[in-house]
Amino acid sequence: MHPFFCVLFGAFTAVLTAALWKYTPASWILEAADPPRLQRLCPPSRKKARQLALLLFFFCTALMPLPKTVGAAFRPLLLACFLLQFLFDGLCYTLPDQWTAVIALLGALNCLLQSQSLACGIMTLSARLLAAEEILCLWLVSALLCTLFRKPLPMGMGDAKLVAAAAFVLGGRLLSALLAASLLAGLWCALLLAAGRIEKRDRIPFGPFLVIGFLLYL
């Protein structure tokens, strides 16, 4: 694609995202539907603790074949942020924005420092910024459509922001990571449904599966 069209498309996506963001209910963006529950680390029930322990095992397993595509200085910090998001979403069904922002910042810095030249780093970072904008724009459009047809939101804004932040880290590997996360979440739900642990209308935290998918392609 010609650079001019890339810039034009990026500007259009940014304006559209900003416009949608302005008219989006605050509860979607700030995840303030149940503030008292989200302001503290909720103590897990025994059932939730067992499920989280098994997910944590999957989290550690995903670290085994971890390729070194991220700079050595950034890997421990990224892993710590991903682990925090994993635990918060698994226990409280929320993904704190501050850790999502740190993930995006670390990904941007790694992108600039790992590139052969500053110009290449800026071009790569611009492409990843455009991908993050598109992710948020698509989520806001889907959320507005769900509201229009009175359907429940399939995925929370915290998940969408985490995916957008991961775009700065993974780049072109993001789609593969999302596919892996979706497959893991589907398998997990199928097992819980078969065991009678959840019902079809129950909601599960998607953040832990996103984190595992990201780690598989980090």
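The values are calculated or read from the model by the stated rules, or taken from the named source; none is laboratory data. Quick caveat, the model's predicted, so the values are computed rather than measured. Glycine also receives a Cβ, built like all others from the backbone with ideal geometry; neighbour counts cover every protein chain displayed. Each accessible area value is taken on the protein alone, full model and side chains, heavy atoms only, with ligands, DNA and RNA left out. Shrake-Rupley method; radii C 1.70, N 1.55, O 1.52, S 1.80 Å.
Structure data summary
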{"item": "Matching residues in the stretch 82-116 - criterion: being modelled with pLDDT of 80 or more and of a type in the set (Gly, Ala, Ser)", "result": "Gly90, Ala101, Ala104, Gly107, Ala108"}
{"item": "Failed item, numbered, when Arg50 is tested on (1) charged (D, E, K, R); (2) modelled with pLDDT of 80 or more; (3) open to solvent by 40 Å² or more (accessible area, probe 1.4 Å)", "result": "(2)"}
{"item": "The stretch 126-144, residues that are open to solvent by 40 Å² or more (accessible area, probe 1.4 Å), in contact (Cβ under 8 Å) with a residue 40 or more places away in the chain and among the aliphatic types (A, V, I, L, M)", "result": "Ala127, Leu129, Val141, Leu144"}
{"item": "Within the stretch 191-218, considering residues that are among the small types (Gly, Ala, Ser) and part of a helix (DSSP H, G or I), the one most open to solvent (accessible area, probe 1.4 Å)", "result": "Ala194"}
{"item": "Residue list for the stretch 116-155, restricted to those being outside any helix (DSSP H, G or I) and farther than 18 Å from Leu174 by Cβ", "result": "Gln116, Ser117, Phe149, Arg150, Lys151, Pro152, Leu153, Pro154"}
{"item": "Residues satisfying the stated conditions in the stretch 80-108, i.e. buried (at least 17 other Cβ atoms within 10 Å of the Cβ), free of Cβ contacts under 8 Å to residues at least 60 places away in the same chain and under 19 Å from Tyr217 (Cα atoms)", "result": "Cys81, Leu84, Val102"}
